[in-house]
Amino acid sequence: MPDTIVIGEVLKPQGIRGEVKVKPLLDDAADMRHFKRVYIAGKEYKVLSCRTDAQAAYLALSGIADRDAAELLRGKEVEALRADAPALEEGRYYIVDIVGCTVVTEKGERLGEIADVLPAHTDIFVMKQGDREYMFPAAEGVILGADTEKKIVTVSEKRIGEVLVEQGA
């Protein structure tokens, strides 16, 4: 497993003092407060302050003193050390742990591999099968379980057949 996980994306500078607005890739924007340091474009930044609202986190970072410096971070991923991440409830996983998992039915039939997870009210899993790409919701009844150590996501054969959508078809 990687030492870092992606926890957000810098949307834009916020104000004139170098604060950045971040779109959190966590269940709750308030979880951004757990991180005392972050990594953007491979560089470590100490988090000087963090405030949140329902959809965003606003970070003041060491070395980012003005709007111009903050602008250079626009569109970049915000990473943090996995060890600094808050513990998740049973049945919850970080996106980085799901990407790359093999998707199998409860009977063991291999369907493909998770290529991406699109954050939404109900996350959308993007699955590759050869040259084809499919999408399905990570909804209760569709996902039966995930073993991130073995890199396997088990789905209901019946439900996946009802919700699986081929991209570009």
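Against the set [x] -0.39, -0.47, -0.74, -1.12; [y] -0.40, -0.49, -0.78, -1.23; [z] -0.44, -0.53, -0.77, -1.06, the structure's computed log10 I(q)/I(0) by the Debye sum over Cα atoms at q = 0.10, 0.11, 0.14, 0.18 Å⁻¹ falls on [z].
Ranked by how many other Cβ atoms sit within 10 Å of their own Cβ, fewest first, the residues SER62, SER156 fall in the order SER62, SER156. Simple spin-label estimate for GLN167 and HIS121 gives 2.3 nm between the two label positions (7 Å along the Cα-to-Cβ direction from each Cα).
By its C-alpha gyration tensor, with a ≥ b ≥ c as the square roots of the eigenvalues, how is the range 95-166 shaped: rounded for a/c under 1.5, else prolate for a/b larger than b/c, else oblate? Judged from the Cα gyration tensor, the range 95-166 comes out rounded (a/c under 1.5). Residue exposure proxy: ASP123, ASP131, ASP68, ordered by other Cβ atoms within 10 angstrom of their Cβ from fewest to most, comes out as ASP131, ASP68, ASP123. Pairs of lysines in the chain whose Cα atoms sit within less than 14 Å of one another amount to 8, provided the residues are eight or more positions apart or on different chains. Let me have the 222 nm mean residue ellipticity of the chain computed from DSSP H runs of 4+ only, each contributing -39500 (n - 2.57), with the sum over all residues rounded to the nearest 500. Counting only the DSSP helices, I get -2000 deg cm²/dmol. With the simple model of a label 7 Å out from the Cα in the direction of the Cβ, LYS158 to ARG110 spans 2.7 nm. With springs connecting C-alpha atoms under 10 Å apart, model the chain as a Gaussian network and identify which of LEU59, LEU48, LEU26 has the largest mean-square fluctuation. Among LEU59, LEU48, LEU26, the largest GNM mean-square fluctuation belongs to LEU48.
Only the coordinates and a few stated rules stand behind these numbers; no lab work does. Since the structure is predicted, the reported quantities are computational estimates derived from the model, not experimental observations. Glycine gets a Cβ as well: all are built from the backbone with ideal geometry, and neighbour counts include every protein chain shown.
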